[in-house]
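Quick notes on the structure that follows.
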């Protein structure tokens, strides 16, 4: 392989790493907004239970996309793909909490969906697991957000600004479409499933009716 071809491969590979980082950053900003909104519903969970359920369901596809983009980077790094090795790994602490954070996110969202299915009359241990996983998840997420928030916003902003012709990063349209598709899928999931959670919304109405 010629030096020119090697240089082209390096440029292409590094652009791929940057594209993955920008996609991760953009979906990260979206998640920050949605998680903040979900957090507000917890302040008055009975009165805002419908919104709590809807936003919780809406979160599922964007969270899945975030796990895929992050997991891809880790897989490429640990399989010694040169561009990802050059970018380097996250901080050791973040690498250690990453798998636990993913597991707690899966438990939190999974138990949330399970609660919708079984209803409040059979919540029991599922509700306990949902609350316990939230406590652990919140602590890990706080560390994760504090470590990445500035980088996340900067990366997301790069795909909003006009592209730099001197350092092109192809795939901007694909990244934007992926985030938009995840958001639309989340809205659709919430719109379809939330109206079926009548056991929870009726429980709220009954509580308010007896005040």
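Roughly what would the spin-label model give for residue 185 and residue 103, points 7 Å off Cα along C-beta, in nm? Taking the simple label geometry, residue 185 and residue 103 are separated by 2.5 nm. Compared with the dominant principal axis of the Cα atoms in the chain, helix 172-193 is inclined by about 10°. Would you mind telling me which residue in 125, 40, 23 has the biggest mean-square fluctuation in a Gaussian network model of the chain, where springs connect alpha carbons within a distance under 10 angstrom? Ranking 125, 40, 23 by mean-square fluctuation puts 125 first.
Computed on the chain, with alpha-carbon pairs under 8 angstrom and 6+ residues apart, the relative contact order is 38 percent. Between residue 162 and residue 50, the distance separating the two model label sites (each 7 Å from Cα on the Cα→Cβ line) works out to 4.6 nm. If a paramagnetic tag sat 7 Å from the Cα of residue 79 along the Cα-Cβ line, which residues of region 22-61 would have the backbone N under 20 Å from that point? Only 22-24 fall inside the zone, counting backbone N under 20 Å.
Estimated from helical segments only, the mean residue ellipticity of the chain at 222 nm is -29000 deg cm²/dmol, where each DSSP H run of four or more residues counts as -39500 (n - 2.57).
Quick note: the coordinates plus some simple rules give every number you see, no bench work behind them. Quick caveat: nothing in here was measured; it's all calculated off a predicted structure. Cβ atoms come from the backbone with ideal geometry, glycine included; neighbour counts cover every protein chain shown.
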